[in-house]
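Comments concern the structure below.
Only the coordinates and a few stated rules stand behind these numbers; no lab work does. Note that the structure is a prediction, hence the values are computed from the model and not measured. Ideal geometry is used to build each Cβ from the backbone, glycine not excepted, and the neighbour counts take in all protein chains shown.
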Amino acid sequence: MKKQIFVLSLIASTFSVTFPIQAFAVDLYAAGSLRNALTQVKESFTKKTGIPVTTTFNGSGTLAQQIQDELAKTGKSADVFASADVGNAQKLYDKGLSNPVVNFTSNRLVAVVRPGLSVTSKNLLDFLLNPHINVGTSTPIKDPSGDYAFQVFDKADKIKPGSSQTLKDKALQLVGGNPSAPVLPAGKNSLVYFLKETHKADIFLSYYTSGKAAQSLKDGNDLQLIELPDYLATKADYGLTVLKNADPDSEKLVAYILSPEGQAILARNGFSKKGSYAEGRRQKEYTLENIGELEKLKIFNNVNFTMVIDELKELKDKVLDKKQLYEVAS
């Protein structure tokens, strides 16, 4: 027995076995409108870092409530929340359930119109108010897209008094968590399905990115994307936050989303560049003049926009150099 123990001990001391350390997946909850873009972001991020990412897509309001429920029940939810508005993410921060919120990208509302209607930006409001035209939206509160659509209706009221309530009453909340909405078959694009296949809607107020995605499909390439007139134009600022008790690697994912690579992927999917930082109830645009203030912000623990700061400093140096050259030349 002693001899056997000696042999085993000798073998153990002679050979060392190294097991790979497997990274835990970062759990990302994100707005449905980000599905295509953030799926591409996560694939690029995982390829670059080796850190896997799991995703759940739904209406931002629905996800925000789910996060609160999960944290209350188990103390753990997703690691990162990407919302189609700043408000739902901000509510979590205000309740101490997440880190400060970053406006990481933006979108806008457009009118997606079925083939055959001669809709333009100029006559859009008349079409929306036409009692024979069915208007589709998402579901307010549960999905920011529905909230933005109702903001459009409120703006219409300033042009044609009484329009807001008329439009809210006639709006068909076909997506976004409305329990009374028709069931969307698996694999179907909602805009193509409701505008062309079922004809539930003639005009659908939706995100620009969603409209472009629908147009890229064979069955949706004849859908019309009509920009809202200035008096109805509605911008959608998206919020990003790391949640309470998040995996440390979540900060790396957030940094990647904010990086030039992450932003380029969002831009290729039709999103606009990030432009502001949201904390409490204020948003502030950052320019060359307040780099120092940006450096003081403590965001996502150790992630503090280092890349953004460096880019701003470099840009500022270039601007100063051009100014000096101009002064010398003159």
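Here is how the numbers come out for the structure above:
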quantity	calculated
FRET efficiency for residue 40 and residue 200, using Cβ-Cβ distance with R0 set to 35 Å, rounded to 0.05	0.70
Calculated FRET efficiency for the pair residue 245/residue 154, C-beta based, R₀ 41 Å, to 0.05	0.60
Taking the convex hull of Cα positions in segment 139-264, its mean projected area over all directions (nm²)	10.6
Simple label model, 7 Å out from Cα along Cβ direction - residue 170 to residue 70, nm	4.0
Modelled FRET efficiency - R0 45 Å, residue 54 with residue 221, Cβ distances, 0.05 increments	0.90
